[in-house]
Amino acid sequence: MAIRTVGVVGAGQMGNGIAHVFALAGYDVLLNDIAQDSLDRALATIDRNIERQVARGKVSPEAKAEAMGRISTTLMLPDLGPSDLIIEAATEKEVVKQKIFDELLPYLAPQTILTSNTSSISITRLASRTDRPEKFMGFHFMNPVPVMQLVELIRGIATDQPTYNELKAVVEKLGKTASSSEDFPAFIVNRILIPMINEAVYTLYEGVGSVQSIDTALKLGANHPMGPLELADFIGLDTCLAIMNVLYDGLADTKYRPCPLLTKYVEAGWLGRKSQRGFYDYR
Ligand code: CAA
């Protein structure tokens, strides 16, 4: 089956990045969200981000115009029904994701592949509620999507080989690299990355170092492009906490205990860049 049309659910940070890279790679993209201003903001962000690539000579102005012309938006989830591939990139809450798949199912063609960009939730469990667990996979992009090379492919227990092969080919067409993960809490990238961030928060909590000294240490001492606390602000502290909770609950090991300071920041609404305040102040 040749995938041509892609339905993306959720026009936030991840959804608009996913729409951006698929449109540039020649796919027709239908982007869905529940609010018109989210869709408007997403289109403006995609335009701005592709323009950065034009300014740096990585994309031609013609390719930009064609890509923008391949993206349509809709507030109606059923409009995504005829898509060859669905990528759910909504809020990282299992009930929200389940509701989206429940609503979409009656409108889908039988061959449509379903994916979730979840960063930690069980693919097997999400797939089990659908009518096609063999055509369901985790399709995990990294932020910022247009820049990051990796896409994690996560097979649920029932995912079949043709579905895996199809998505691997899509990743190659996007010019990205796939890594395969079995379906265990937080998969590979976040199983390793988020506990590192949590440990950085403990390092701050215990007074071992300041925000600046922790970030400088990892940037200059381990060649990380961002320090762990700056990266936590970039990912969103609520997302980091949600992933730590998935690891803590799913693996039942105290080494995944979320740092109380991380919990406190989230309770305060200090979620990082998106709320203008996290470990750094962006106001
Ligand atoms: N769209 C298009 N291009 C973008 C972009 C975007 N949204 N954001 C950055 N860029 C481009 C810039 O135009 C620039 O291009 P050139 O190389 O051609 O000049 C390049 O990316 C670098 O950007 P900047 O010069 O603005 O800034 P930088 O050098 O500080 O890099 C960064 C920014 C790429 C974000 C870098 O700091 C980085 O790699 N940080 C780590 C990001 C990371 O770890 N992401 C994974 C998070 S975990 C995750 O996503 C999984 C999860 O589930 C939580």
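The values are calculated or read from the model by the stated rules, or taken from the named source; none is laboratory data. Since this is a predicted model, take the numbers as computed values, not measurements. With ideal geometry, Cβ positions are generated from the backbone for all residues, glycine too; neighbour counts draw on all protein chains shown. Only protein heavy atoms, including side chains, enter the accessible area calculation; ligands, DNA and RNA are left aside. Shrake-Rupley method; radii C 1.70, N 1.55, O 1.52, S 1.80 Å.
Some notes on this structure:
- Boolean, residue 188 is on the phi < 0 side of the Ramachandran plot and in contact with a Gly (Cβ under 6 Å, 6 or more places away or on another chain): no
- Residues in region 110-138 that are over 18 Å from residue 192 (Cα atoms), crowded, with 19+ Cβ neighbours inside 10 Å and either within 16 Å of the ligand (Cβ to nearest atom) or at pLDDT below 95 (or both): 115, 116, 123, 126, 137.
- Number of the exception - residue 168 against (1) open to solvent by less than 20 Å² (accessible area, probe 1.4 Å); (2) away from the ligand (no atom under 14 Å from the Cβ); (3) not hydrophobic (A, V, I, L, M, F, W, C): (1)
- Number of residues in region 240-260 that are of a type in the set (Asp, Glu) and either within 15 Å of the ligand (Cβ to nearest atom) or under 14 Å from residue 197 (Cβ atoms) (or both): the value is 0.
- Options 121, 46, 86; residue that is touching a residue at least 40 places away in the same chain (Cβ under 8 Å) and farther than 24 Å from residue 244 by Cα: 86
- Flag if residue 173 is open to solvent by 50 Å² or more (accessible area, probe 1.4 Å), within 11 Å of the ligand (Cβ to nearest atom) and not hydroxyl-bearing (Ser, Thr, Tyr): no
- Members of region 227-239 that are among the hydrophobic types (A, V, I, L, M, F, W, C) and near the ligand (Cβ under 10 Å from one of its atoms): 231, 232, 234, 235
- Criterion violated by residue 149 - all others in (1) over 18 Å from the mean Cα position of the chain (by Cα); (2) surrounded by fewer than 19 Cβ atoms within 10 Å (Cβ to Cβ) satisfied: (1)
- Residues in region 79-93 that are crowded, with 16+ Cβ neighbours inside 10 Å and of a type outside the set (A, V, I, L, M, F, W, C): 81, 83, 84, 88, 92.
- Being without any contact (Cβ under 8 Å) to a residue 60 or more places away in the chain and not aliphatic (A, V, I, L, M) is a property that residue 248 has.
- Residue within region 213-232 that is open to solvent by 40 Å² or more (accessible area, probe 1.4 Å) and in contact with a strand residue (DSSP E or B) (Cβ under 8 Å, 6 or more places away or on another chain) present: no
- Region 26-51: number of residues that are closer than 27 Å to residue 166 by Cα and more than 14 Å from the ligand (Cβ to nearest atom): 8
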